[in-house]
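A.B. asks: The following block contains the structure, expressed as C-alpha coordinates.
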Amino acid sequence: MDVRRTVIVGGGTAGTAAALALHKAGFDVAVYEAHPDSAEDIGAFLTLASNGMRALAQIDASTAVTATGFPLAAMRVLDASGAELAQVPLGEAGDPLLQYRCLRRGELNTALQREAERRGIRIRHGARLASVEDGPDTVTAHFTDGSSATGDLLIGADGLNSTVRRSIAPTARPGYAGQYVFYGYTTRAPLTARTDSACITMVRGSGAAFGCTVSPEGETYWFARISGKALAADETAQGTPAHWQDLLLPLLRKDATPAADIVAATDDRILVTNATEMPLGTPWRSGRTLLIGDAAHAASPATGQGASMALEDAVVLAKCLRDAPDTESALSLYETLRRPRVEHNITASGTISRSGGNPPPRPSAGQAAPAPRPGEDELIRLLDWDSDIWATSRQRDLG
Ligand SMILES: Cc1cc2nc3c(=O)[nH]c(=O)nc-3n(C[C@H](O)[C@H](O)[C@H](O)COP(=O)(O)OP(=O)(O)OC[C@H]3O[C@@H](n4cnc5c(N)ncnc54)[C@H](O)[C@@H]3O)c2cc1C
(Lines give C-alpha, C1' and ligand atoms only; values in the text may rest on other atoms or scores of the structure.)
Protein backbone atom coordinates (compact mmCIF):
# COMPACT_ATOMS: atom_id res chain seq x y z
CA MET A 1 0.00 0.00 0.00
CA ASP A 2 1.52 3.29 -1.06
CA VAL A 3 0.07 6.43 0.51
CA ARG A 4 -0.11 9.64 -1.45
CA ARG A 5 -3.65 10.95 -0.86
CA THR A 6 -4.95 10.96 2.69
CA VAL A 7 -8.59 11.54 3.58
CA ILE A 8 -9.06 12.77 7.16
CA VAL A 9 -12.56 12.55 8.63
CA GLY A 10 -13.00 15.04 11.49
CA GLY A 11 -11.50 18.52 11.80
CA GLY A 12 -11.06 18.59 15.59
CA THR A 13 -7.72 18.58 17.39
CA ALA A 14 -6.58 15.17 16.13
CA GLY A 15 -7.73 15.56 12.51
CA THR A 16 -6.45 19.07 11.95
CA ALA A 17 -3.13 18.41 13.68
CA ALA A 18 -2.72 15.22 11.61
CA ALA A 19 -3.39 17.27 8.47
CA LEU A 20 -0.69 19.77 9.47
CA ALA A 21 1.78 17.00 10.25
CA LEU A 22 1.09 14.96 7.10
CA HIS A 23 1.23 18.09 4.95
CA LYS A 24 4.59 18.97 6.50
CA ALA A 25 5.78 15.42 5.72
CA GLY A 26 4.83 15.92 2.06
CA PHE A 27 1.52 14.04 1.77
CA ASP A 28 -1.55 15.22 -0.12
CA VAL A 29 -4.19 15.66 2.54
CA ALA A 30 -7.80 16.84 2.80
CA VAL A 31 -10.01 17.18 5.88
CA TYR A 32 -13.76 16.51 5.95
CA GLU A 33 -15.54 18.03 8.93
CA ALA A 34 -19.23 17.59 9.76
CA HIS A 35 -19.62 20.99 11.41
CA PRO A 36 -20.79 23.62 8.91
CA ASP A 37 -18.16 26.22 9.83
CA SER A 38 -14.99 26.58 11.86
CA ALA A 39 -16.69 28.56 14.63
CA GLU A 40 -17.85 25.42 16.35
CA ASP A 41 -19.25 25.46 19.85
CA ILE A 42 -16.87 27.11 22.28
CA GLY A 43 -17.59 24.30 24.72
CA ALA A 44 -15.57 23.28 27.71
CA PHE A 45 -12.06 24.50 28.32
CA LEU A 46 -9.04 22.26 28.35
CA THR A 47 -5.38 22.41 29.20
CA LEU A 48 -2.68 21.55 26.74
CA ALA A 49 0.14 19.98 28.72
CA SER A 50 3.83 20.39 27.87
CA ASN A 51 3.85 17.15 25.87
CA GLY A 52 1.00 18.47 23.68
CA MET A 53 2.75 21.82 23.30
CA ARG A 54 5.92 19.97 22.27
CA ALA A 55 3.96 18.13 19.57
CA LEU A 56 2.51 21.43 18.34
CA ALA A 57 6.00 22.91 18.08
CA GLN A 58 7.09 20.01 15.84
CA ILE A 59 4.42 20.95 13.29
CA ASP A 60 5.21 24.68 13.56
CA ALA A 61 1.78 25.42 15.03
CA SER A 62 2.81 26.89 18.40
CA THR A 63 2.32 30.49 17.34
CA ALA A 64 -1.13 29.78 15.92
CA VAL A 65 -2.24 28.23 19.21
CA THR A 66 -0.51 30.56 21.65
CA ALA A 67 -2.38 33.44 20.00
CA THR A 68 -5.36 32.19 21.99
CA GLY A 69 -5.88 31.12 25.61
CA PHE A 70 -3.35 31.79 28.36
CA PRO A 71 -0.40 30.03 29.99
CA LEU A 72 -0.50 28.06 33.23
CA ALA A 73 2.77 27.93 35.13
CA ALA A 74 1.80 26.39 38.47
CA MET A 75 -0.75 24.20 40.24
CA ARG A 76 -1.95 24.78 43.78
CA VAL A 77 -3.69 21.99 45.68
CA LEU A 78 -6.14 22.71 48.51
CA ASP A 79 -7.85 20.28 50.85
CA ALA A 80 -11.50 20.45 51.88
CA SER A 81 -10.66 22.90 54.69
CA GLY A 82 -9.12 25.30 52.16
CA ALA A 83 -5.58 24.63 53.45
CA GLU A 84 -2.88 24.60 50.81
CA LEU A 85 -1.33 21.15 50.49
CA ALA A 86 1.14 21.98 47.74
CA GLN A 87 2.10 24.43 45.04
CA VAL A 88 4.16 23.00 42.20
CA PRO A 89 5.37 24.21 38.80
CA LEU A 90 3.49 22.71 35.87
CA GLY A 91 5.43 20.96 33.14
CA GLU A 92 8.05 23.02 31.37
CA ALA A 93 6.88 26.25 32.96
CA GLY A 94 10.01 28.21 32.02
CA ASP A 95 9.69 27.66 28.26
CA PRO A 96 7.11 29.95 26.58
CA LEU A 97 6.54 27.40 23.78
CA LEU A 98 6.18 24.37 26.05
CA GLN A 99 4.42 25.71 29.13
CA TYR A 100 0.88 24.49 29.82
CA ARG A 101 -1.87 26.42 28.09
CA CYS A 102 -5.51 26.80 29.03
CA LEU A 103 -8.01 27.45 26.25
CA ARG A 104 -11.49 26.53 25.11
CA ARG A 105 -11.90 23.50 22.90
CA GLY A 106 -13.49 25.55 20.12
CA GLU A 107 -10.65 28.09 20.22
CA LEU A 108 -8.05 25.34 19.80
CA ASN A 109 -9.86 23.78 16.86
CA THR A 110 -10.43 27.13 15.17
CA ALA A 111 -6.75 28.07 15.60
CA LEU A 112 -5.60 24.75 14.09
CA GLN A 113 -8.11 24.92 11.22
CA ARG A 114 -7.08 28.47 10.32
CA GLU A 115 -3.43 27.45 10.34
CA ALA A 116 -4.21 24.48 8.08
CA GLU A 117 -6.11 26.69 5.64
CA ARG A 118 -3.29 29.25 5.69
CA ARG A 119 -0.97 26.45 4.52
CA GLY A 120 -3.32 25.55 1.69
CA ILE A 121 -4.74 22.38 3.25
CA ARG A 122 -8.30 21.70 2.08
CA ILE A 123 -10.91 21.55 4.84
CA ARG A 124 -14.45 20.86 3.71
CA HIS A 125 -17.01 21.86 6.31
CA GLY A 126 -20.50 20.40 6.39
CA ALA A 127 -19.19 16.99 5.22
CA ARG A 128 -20.69 14.42 7.58
CA LEU A 129 -19.38 10.90 7.04
CA ALA A 130 -22.06 8.25 6.48
CA SER A 131 -19.92 5.19 5.66
CA VAL A 132 -16.49 3.96 4.64
CA GLU A 133 -15.84 1.73 1.64
CA ASP A 134 -12.44 0.13 2.10
CA GLY A 135 -11.21 -1.49 -1.13
CA PRO A 136 -8.02 -3.26 -2.21
CA ASP A 137 -6.56 -0.22 -3.98
CA THR A 138 -8.29 2.79 -2.44
CA VAL A 139 -10.62 3.78 0.38
CA THR A 140 -13.69 5.99 -0.06
CA ALA A 141 -15.56 8.14 2.44
CA HIS A 142 -19.25 8.57 1.61
CA PHE A 143 -20.92 11.64 3.09
CA THR A 144 -24.55 12.16 4.04
CA ASP A 145 -25.01 14.76 1.26
CA GLY A 146 -24.22 12.11 -1.36
CA SER A 147 -20.67 13.32 -2.06
CA SER A 148 -17.59 11.18 -1.54
CA ALA A 149 -13.79 11.41 -1.22
CA THR A 150 -11.29 8.74 -2.21
CA GLY A 151 -7.73 8.28 -1.00
CA ASP A 152 -5.02 5.74 -0.30
CA LEU A 153 -5.51 6.04 3.47
CA LEU A 154 -8.50 7.20 5.52
CA ILE A 155 -7.85 8.59 8.99
CA GLY A 156 -10.81 8.52 11.34
CA ALA A 157 -10.41 11.54 13.65
CA ASP A 158 -14.13 11.90 14.22
CA GLY A 159 -14.09 11.84 18.00
CA LEU A 160 -15.80 9.95 20.76
CA ASN A 161 -18.84 8.81 18.77
CA SER A 162 -16.82 8.01 15.67
CA THR A 163 -18.62 6.83 12.54
CA VAL A 164 -15.33 5.58 11.08
CA ARG A 165 -14.92 3.31 14.11
CA ARG A 166 -18.10 1.46 13.14
CA SER A 167 -16.33 0.15 10.03
CA ILE A 168 -13.34 -1.09 12.08
CA ALA A 169 -14.79 -2.10 15.44
CA PRO A 170 -18.59 -2.16 15.14
CA THR A 171 -19.20 -3.18 18.75
CA ALA A 172 -16.66 -0.88 20.47
CA ARG A 173 -18.37 1.94 22.37
CA PRO A 174 -17.21 4.47 24.95
CA GLY A 175 -18.23 3.52 28.49
CA TYR A 176 -19.03 5.69 31.49
CA ALA A 177 -15.95 6.41 33.64
CA GLY A 178 -17.75 6.99 36.94
CA GLN A 179 -17.99 10.79 37.06
CA TYR A 180 -19.93 13.61 35.47
CA VAL A 181 -18.14 16.86 34.94
CA PHE A 182 -19.29 20.49 35.05
CA TYR A 183 -17.51 23.35 33.33
CA GLY A 184 -18.31 27.00 33.96
CA TYR A 185 -17.14 30.51 33.22
CA THR A 186 -17.82 33.61 35.26
CA THR A 187 -16.58 37.18 35.41
CA ARG A 188 -18.32 37.70 38.73
CA ALA A 189 -16.38 35.43 41.09
CA PRO A 190 -15.81 37.23 44.39
CA LEU A 191 -12.30 38.65 44.62
CA THR A 192 -11.53 36.44 47.61
CA ALA A 193 -12.35 33.36 45.51
CA ARG A 194 -10.05 34.29 42.63
CA THR A 195 -6.74 32.58 42.07
CA ASP A 196 -3.65 34.10 40.55
CA SER A 197 -3.58 34.12 36.78
CA ALA A 198 -1.20 31.47 35.41
CA CYS A 199 -1.97 29.18 38.37
CA ILE A 200 -4.61 26.45 38.39
CA THR A 201 -6.09 25.59 41.77
CA MET A 202 -7.22 22.03 42.42
CA VAL A 203 -9.50 21.47 45.40
CA ARG A 204 -9.79 18.01 46.94
CA GLY A 205 -13.29 18.63 48.14
CA SER A 206 -15.38 16.23 50.17
CA GLY A 207 -18.18 16.12 47.60
CA ALA A 208 -16.41 17.09 44.38
CA ALA A 209 -13.00 17.45 42.80
CA PHE A 210 -12.93 21.11 41.82
CA GLY A 211 -10.49 23.14 39.75
CA CYS A 212 -10.31 26.79 38.75
CA THR A 213 -8.11 29.37 37.12
CA VAL A 214 -8.48 33.00 36.05
CA SER A 215 -7.75 34.34 32.58
CA PRO A 216 -5.67 37.52 32.22
CA GLU A 217 -8.97 39.29 31.45
CA GLY A 218 -10.32 38.29 34.86
CA GLU A 219 -12.70 35.52 33.78
CA THR A 220 -12.76 32.51 36.11
CA TYR A 221 -12.76 29.11 34.39
CA TRP A 222 -13.83 26.24 36.65
CA PHE A 223 -14.71 22.55 36.58
CA ALA A 224 -16.21 20.16 39.12
CA ARG A 225 -16.08 16.38 38.84
CA ILE A 226 -18.75 14.47 40.73
CA SER A 227 -18.70 10.73 41.33
CA GLY A 228 -21.91 8.80 40.90
CA LYS A 229 -24.31 7.37 38.35
CA ALA A 230 -24.17 8.89 34.88
CA LEU A 231 -26.59 11.73 34.23
CA ALA A 232 -29.47 10.80 31.95
CA ALA A 233 -29.34 12.21 28.43
CA ASP A 234 -32.53 14.26 28.88
CA GLU A 235 -31.20 15.81 32.10
CA THR A 236 -27.92 16.90 30.45
CA ALA A 237 -29.85 18.25 27.46
CA GLN A 238 -32.48 20.12 29.45
CA GLY A 239 -30.63 21.17 32.63
CA THR A 240 -30.44 24.93 33.18
CA PRO A 241 -27.57 26.71 35.00
CA ALA A 242 -29.92 27.16 38.00
CA HIS A 243 -30.60 23.40 38.03
CA TRP A 244 -26.86 22.64 38.00
CA GLN A 245 -26.20 25.18 40.77
CA ASP A 246 -28.90 23.45 42.88
CA LEU A 247 -27.14 20.14 42.34
CA LEU A 248 -23.59 21.39 42.90
CA LEU A 249 -23.81 23.97 45.66
CA PRO A 250 -24.85 21.61 48.48
CA LEU A 251 -21.83 19.43 47.63
CA LEU A 252 -19.43 22.37 47.57
CA ARG A 253 -20.80 24.28 50.57
CA LYS A 254 -19.72 21.48 52.91
CA ASP A 255 -16.13 22.68 52.47
CA ALA A 256 -14.33 25.91 53.38
CA THR A 257 -12.92 26.44 49.89
CA PRO A 258 -13.60 29.07 47.19
CA ALA A 259 -15.53 26.53 45.04
CA ALA A 260 -19.09 27.28 46.20
CA ASP A 261 -18.71 31.06 45.81
CA ILE A 262 -17.39 30.65 42.29
CA VAL A 263 -20.25 28.36 41.23
CA ALA A 264 -22.80 30.63 42.93
CA ALA A 265 -21.44 33.51 40.81
CA THR A 266 -21.96 31.53 37.59
CA ASP A 267 -25.56 31.91 36.59
CA ASP A 268 -25.37 31.56 32.84
CA ARG A 269 -22.52 29.47 31.43
CA ILE A 270 -22.47 26.00 32.99
CA LEU A 271 -21.99 22.89 30.84
CA VAL A 272 -22.12 19.28 31.96
CA THR A 273 -20.95 16.04 30.43
CA ASN A 274 -20.61 12.41 31.51
CA ALA A 275 -16.95 11.34 31.58
CA THR A 276 -16.42 8.46 29.15
CA GLU A 277 -13.53 6.29 28.00
CA MET A 278 -12.86 3.76 25.27
CA PRO A 279 -12.31 0.12 26.28
CA LEU A 280 -8.67 -0.98 26.25
CA GLY A 281 -7.81 -3.05 23.20
CA THR A 282 -10.26 -1.31 20.87
CA PRO A 283 -9.07 -2.08 17.31
CA TRP A 284 -7.72 1.01 15.52
CA ARG A 285 -6.88 -0.35 12.11
CA SER A 286 -8.45 -2.23 9.26
CA GLY A 287 -7.26 -2.23 5.65
CA ARG A 288 -6.69 1.36 4.60
CA THR A 289 -8.46 2.89 7.59
CA LEU A 290 -6.92 4.07 10.88
CA LEU A 291 -8.43 5.71 13.97
CA ILE A 292 -6.62 8.44 15.93
CA GLY A 293 -7.49 10.79 18.81
CA ASP A 294 -10.66 10.25 20.83
CA ALA A 295 -12.11 7.94 18.17
CA ALA A 296 -9.37 5.46 19.10
CA HIS A 297 -8.56 6.17 22.73
CA ALA A 298 -10.83 8.68 24.45
CA ALA A 299 -10.04 8.87 28.18
CA SER A 300 -11.96 10.47 31.03
CA PRO A 301 -10.89 14.12 31.44
CA ALA A 302 -9.25 13.64 34.86
CA THR A 303 -5.63 13.67 33.63
CA GLY A 304 -6.39 16.46 31.15
CA GLN A 305 -4.41 14.67 28.45
CA GLY A 306 -6.93 14.03 25.65
CA ALA A 307 -5.99 16.92 23.38
CA SER A 308 -2.28 16.50 24.10
CA MET A 309 -2.48 12.81 23.20
CA ALA A 310 -4.28 13.73 19.96
CA LEU A 311 -1.44 16.13 19.08
CA GLU A 312 1.16 13.45 19.85
CA ASP A 313 -0.77 11.01 17.61
CA ALA A 314 -0.54 13.46 14.72
CA VAL A 315 3.23 13.90 14.89
CA VAL A 316 4.03 10.22 15.45
CA LEU A 317 1.70 9.10 12.62
CA ALA A 318 3.18 11.53 10.10
CA LYS A 319 6.72 10.51 11.04
CA CYS A 320 5.87 6.79 10.74
CA LEU A 321 4.34 7.29 7.28
CA ARG A 322 7.29 9.46 6.25
CA ASP A 323 10.09 7.19 7.52
CA ALA A 324 8.88 3.56 7.34
CA PRO A 325 9.68 1.57 4.18
CA ASP A 326 6.01 0.85 3.45
CA THR A 327 2.57 1.81 4.74
CA GLU A 328 1.84 -1.48 6.48
CA SER A 329 5.08 -1.15 8.48
CA ALA A 330 4.29 2.50 9.19
CA LEU A 331 0.82 1.79 10.60
CA SER A 332 2.08 -1.15 12.56
CA LEU A 333 4.91 0.93 14.08
CA TYR A 334 2.46 3.73 14.84
CA GLU A 335 0.25 1.39 16.84
CA THR A 336 3.22 -0.21 18.62
CA LEU A 337 4.48 3.20 19.69
CA ARG A 338 1.15 4.75 20.63
CA ARG A 339 -1.00 2.05 22.21
CA PRO A 340 0.90 1.58 25.53
CA ARG A 341 1.03 5.30 26.17
CA VAL A 342 -2.58 6.19 25.35
CA GLU A 343 -3.95 3.12 27.11
CA HIS A 344 -1.94 3.96 30.19
CA ASN A 345 -3.63 7.35 30.10
CA ILE A 346 -7.09 5.75 29.80
CA THR A 347 -6.33 3.63 32.85
CA ALA A 348 -4.71 6.39 34.91
CA SER A 349 -7.45 8.88 34.14
CA GLY A 350 -10.22 6.35 34.73
CA THR A 351 -8.68 5.41 38.07
CA ILE A 352 -8.76 9.03 39.20
CA SER A 353 -12.34 9.44 37.96
CA ARG A 354 -13.56 6.29 39.68
CA SER A 355 -11.81 7.18 42.94
CA GLY A 356 -13.29 10.68 42.84
CA GLY A 357 -9.99 12.41 43.57
CA ASN A 358 -7.72 14.98 41.98
CA PRO A 359 -4.40 13.80 40.60
CA PRO A 360 -1.67 13.95 43.24
CA PRO A 361 0.64 16.97 43.02
CA ARG A 362 4.03 16.26 41.53
CA PRO A 363 7.04 17.88 43.04
CA SER A 364 9.20 18.82 40.09
CA ALA A 365 9.25 19.41 36.38
CA GLY A 366 6.78 16.59 35.61
CA GLN A 367 3.27 17.18 34.31
CA ALA A 368 0.19 17.28 36.49
CA ALA A 369 -0.71 13.74 35.55
CA PRO A 370 1.60 12.43 32.90
CA ALA A 371 1.22 9.22 31.00
CA PRO A 372 4.63 7.79 31.74
CA ARG A 373 5.09 5.35 28.86
CA PRO A 374 7.29 5.93 26.95
CA GLY A 375 9.64 7.83 29.27
CA GLU A 376 9.96 11.56 28.76
CA ASP A 377 13.34 11.27 27.02
CA GLU A 378 11.95 8.71 24.64
CA LEU A 379 8.86 10.81 24.00
CA ILE A 380 11.04 13.80 23.13
CA ARG A 381 12.93 11.63 20.64
CA LEU A 382 9.73 10.22 19.15
CA LEU A 383 8.25 13.67 18.64
CA ASP A 384 11.46 15.28 17.35
CA TRP A 385 10.54 16.05 13.75
CA ASP A 386 14.11 15.74 12.49
CA SER A 387 14.75 12.25 13.85
CA ASP A 388 13.99 9.16 11.75
CA ILE A 389 11.35 7.31 13.74
CA TRP A 390 11.81 4.07 11.82
CA ALA A 391 15.59 3.98 12.27
CA THR A 392 15.46 4.90 15.95
CA SER A 393 12.77 2.32 16.67
CA ARG A 394 14.76 -0.39 14.87
CA GLN A 395 17.88 0.56 16.83
CA ARG A 396 15.95 0.34 20.08
CA ASP A 397 14.60 -3.10 19.12
CA LEU A 398 18.10 -4.31 18.22
CA GLY A 399 19.63 -2.74 21.35
C1 LIG B 1 -15.72 18.34 28.45
C2 LIG B 1 -14.36 17.93 28.02
C3 LIG B 1 -13.22 18.45 28.67
C4 LIG B 1 -11.95 18.08 28.27
N5 LIG B 1 -10.84 18.57 28.92
C6 LIG B 1 -9.59 18.27 28.44
C7 LIG B 1 -8.36 18.82 28.99
O8 LIG B 1 -8.37 19.57 29.96
N9 LIG B 1 -7.19 18.51 28.41
C10 LIG B 1 -7.13 17.73 27.30
O11 LIG B 1 -6.03 17.50 26.77
N12 LIG B 1 -8.25 17.18 26.77
C13 LIG B 1 -9.46 17.44 27.31
N14 LIG B 1 -10.58 16.91 26.75
C15 LIG B 1 -10.44 15.97 25.68
C16 LIG B 1 -10.19 16.64 24.38
O17 LIG B 1 -11.15 17.63 24.09
C18 LIG B 1 -10.23 15.56 23.35
O19 LIG B 1 -9.42 14.48 23.75
C20 LIG B 1 -9.68 16.10 22.05
O21 LIG B 1 -10.50 17.15 21.63
C22 LIG B 1 -9.69 14.98 21.04
O23 LIG B 1 -9.75 15.49 19.81
P24 LIG B 1 -10.35 14.66 18.59
O25 LIG B 1 -10.00 15.48 17.41
O26 LIG B 1 -9.96 13.26 18.67
O27 LIG B 1 -11.93 14.68 18.83
P28 LIG B 1 -12.93 15.91 18.74
O29 LIG B 1 -12.31 17.15 19.27
O30 LIG B 1 -14.21 15.44 19.32
O31 LIG B 1 -13.10 16.15 17.18
C32 LIG B 1 -13.84 15.28 16.36
C33 LIG B 1 -14.29 16.07 15.15
O34 LIG B 1 -14.92 15.17 14.26
C35 LIG B 1 -16.11 15.76 13.77
N36 LIG B 1 -17.02 14.68 13.40
C37 LIG B 1 -17.72 13.86 14.23
N38 LIG B 1 -18.45 12.99 13.51
C39 LIG B 1 -18.19 13.26 12.21
C40 LIG B 1 -18.65 12.68 10.98
N41 LIG B 1 -19.53 11.66 10.95
N42 LIG B 1 -18.17 13.19 9.80
C43 LIG B 1 -17.28 14.22 9.82
N44 LIG B 1 -16.83 14.80 10.96
C45 LIG B 1 -17.27 14.33 12.14
C46 LIG B 1 -16.62 16.61 14.92
O47 LIG B 1 -17.49 17.64 14.48
C48 LIG B 1 -15.31 17.15 15.50
O49 LIG B 1 -14.92 18.36 14.90
C50 LIG B 1 -11.85 17.22 27.18
C51 LIG B 1 -12.98 16.71 26.53
C52 LIG B 1 -14.22 17.05 26.95
C53 LIG B 1 -15.44 16.52 26.24
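The values are calculated or read from the model by the stated rules, or taken from the named source; none is laboratory data. Note that the structure is predicted; figures quoted are calculated from it, not measured. Neighbour counts run over all protein chains shown; Cβ positions are idealised from the backbone, glycine included. Surface areas here come from the heavy atoms of the whole protein model, side chains and all, with no ligands, DNA or RNA. Shrake-Rupley method; radii C 1.70, N 1.55, O 1.52, S 1.80 Å.
A.B. asks: Mean Kyte-Doolittle of at least 0.5 plus a Cα span of 18 Å or more along the axis: flag which DSSP H helices in the chain meet both, please.
C.D. replies: The qualifying helices are 306-323.
A.B. asks: Go through Thr68, Pro301, Ser148 and say which Cα lies farthest out towards the positive end of the charge dipole of the chain; charges sit on Cβ, +1 for Lys and Arg, -1 for Asp and Glu.
C.D. replies: The residue sitting most towards the positive pole is Pro301.
A.B. asks: Among the lysines, select those whose C-alpha is under 19 Å from the C-alpha of Lys319, and discard any that sit fewer than 8 residues away in the same chain.
C.D. replies: By straight Cα distance, Lys319 reaches Lys24.
A.B. asks: Further question: Working only with C-alpha atoms, what are the Rg and Dmax values of the chain, expressed in angstrom?
C.D. replies: Taking only Cα atoms of the chain, I get Rg and Dmax of 20.8, 64 Å.
A.B. asks: Cα centroids of region 220-236 and region 1-75: how far apart, whole angstrom?
C.D. replies: 27 Å
A.B. asks: For Glu217 and Arg119, calculate 0.36 nm times their separation in residues minus their Cα-Cα distance, and state this gained length in nm to one decimal.
C.D. replies: This chain segment gains 32.2 nm when fully extended.
A.B. asks: Hey, another quick one. I need the phi-derived Karplus couplings for region 254-259: 6.51 cos²θ - 1.76 cosθ + 1.60, θ = phi - 60°, integer Hz, Gly and Pro marked x.
C.D. replies: Residue by residue, region 254-259 yields 5, 10, 9, 10, x, 4 Hz.
A.B. asks: Using the beta-carbon distance between Asp95 and Ala74 and R0 = 25 Å, what value does 1/(1 + (r/R0)^6) give for FRET efficiency, to the nearest 0.05?
C.D. replies: So the FRET efficiency works out to roughly 0.95.
A.B. asks: Using the Karplus curve 6.51 cos²θ - 1.76 cosθ + 1.60 with θ = phi - 60°, what ³J(HN,Hα) values do you get for each residue of region 166-171, in whole Hz, with x for Gly and Pro?
C.D. replies: Calculated HN-Hα couplings, in order: 4, 7, 9, 9, x, 9 Hz.
A.B. asks: Please report how far the C-alpha centroid of region 135-192 lies from that of region 266-318, rounded to the nearest whole angstrom.
C.D. replies: Cα centres, region 135-192 to region 266-318: 8 Å.
A.B. asks: Let's see if you can work this out: charge +1 on each Lys and Arg Cβ, -1 on each Asp and Glu Cβ, no other charges. What is the dipole magnitude of the chain about its Cα centre, in debye to the nearest 20?
C.D. replies: 480 debye
A.B. asks: Rounded to the nearest 10 Å², what accessible area does Leu98 show when all protein chains are kept and the probe is 1.4 Å?
C.D. replies: 20 Å²
A.B. asks: Okay, moving on. Can you put Lys254, Lys229 in order of accessible area, largest first, using a 1.4 Å probe?
C.D. replies: These residues rank, largest area first, as Lys229, Lys254.
A.B. asks: How big is the Kirkwood radius of region 177-277, worked out from every pair of different alpha carbons and given in Å to one decimal?
C.D. replies: 13.6 Å
A.B. asks: Which value, in debye to the nearest 20, gives the size of the charge dipole of region 177-277 about its Cα centre, when Lys and Arg are +1 and Asp and Glu are -1 at the Cβ?
C.D. replies: 300 debye
A.B. asks: Let me ask another. What share of the DSSP beta bridges in the chain is antiparallel, in percent to the nearest 5?
C.D. replies: Among the beta bridges of the chain, antiparallel pairing accounts for roughly 70 percent.
A.B. asks: Once every DSSP H run of n ≥ 4 in the chain is given -39500 (n - 2.57) and the sum is divided by its residues, what mean residue ellipticity at 222 nm do you get, rounded to the nearest 500 deg cm²/dmol?
C.D. replies: One gets -10500 deg cm²/dmol as the mean residue ellipticity at 222 nm.
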